[in-house]
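In what follows, a structure is listed as structure tokens, so that the remarks can point back to it.
Just so you know, all these numbers are worked out from the coordinates, no wet-lab data involved. Computed from a predicted model, the values in this text were never measured in an experiment. Here the Cβ is made from the backbone with ideal geometry for all residues, glycine too, and neighbour counts use every protein chain on show.
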Amino acid sequence: MFKKTIIWYKVFESEQQGFDLIPDNASIEILIGDRIFCMARYKGNFYALDNRCPHQGAPLSGGKCNENGAIECPWHKYPFDLKTGRFTLGPGDCVETYPVEKRADGIYIGIKDWCWKLFF
């Protein structure tokens, strides 16, 4: 049987390092293994999302956060809610979001993974 688990990856050694690398209302690209994620900072909080806009595949990293708490695709300004990943201008496309934790030893992103379990 398979069980979905979350694997936590440290992306910053401290909250201050995250603040230094990501200006407020901005985003950067984060590489974890062979996958690229978009890491954004809005009102002092960190958010992690898929890095590809579902509209035409533009990288969301480098996009700005608007006053409504959405990251805007740098190509066509399509906004996606930082908390839910939903397109904010109506039904339709969305991007996957990932949990972010501030811990004493740094900032972590949680990525869902399937693992084999014989007993739950």
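Rounded to the nearest 0.05, the FRET efficiency derived from the C-beta distance between N68 and R103 at R0 = 30 Å is 0.60. The fewest-to-most ranking of I71, I22, I109 by surrounding Cβ atoms within 10 Å reads I22, I109, I71. Its Cα centre serving as origin, the chain has a Cβ charge dipole (Lys and Arg +1, Asp and Glu -1) of approximately 400 debye. Considering only T84, L21, C38, and ranking their Cα positions along the charge dipole of the chain that arises from unit charges at the beta-carbon of Lys, Arg, Asp and Glu, the one farthest toward the positive end is T84. Would any residue of the stretch 35-50 have its amide N under 19 Å from a label point 7 Å out along Cα→Cβ of D113? List them or say none. Backbone N within reach: 35-38, 48-50. Restricting the stretch 1-77 to trypsin sites (Lys or Arg not before Pro) that sit in a DSSP loop and have at most 12 other Cβ atoms within 10 Å of their own Cβ leaves K43, K77. Sum -39500 (n - 2.57) across every DSSP H segment of at least 4 residues in the chain, then divide by the residue count to get the 222 nm mean residue ellipticity, nearest 500. Rounded to the nearest 500, the figure is -1500 deg cm²/dmol.
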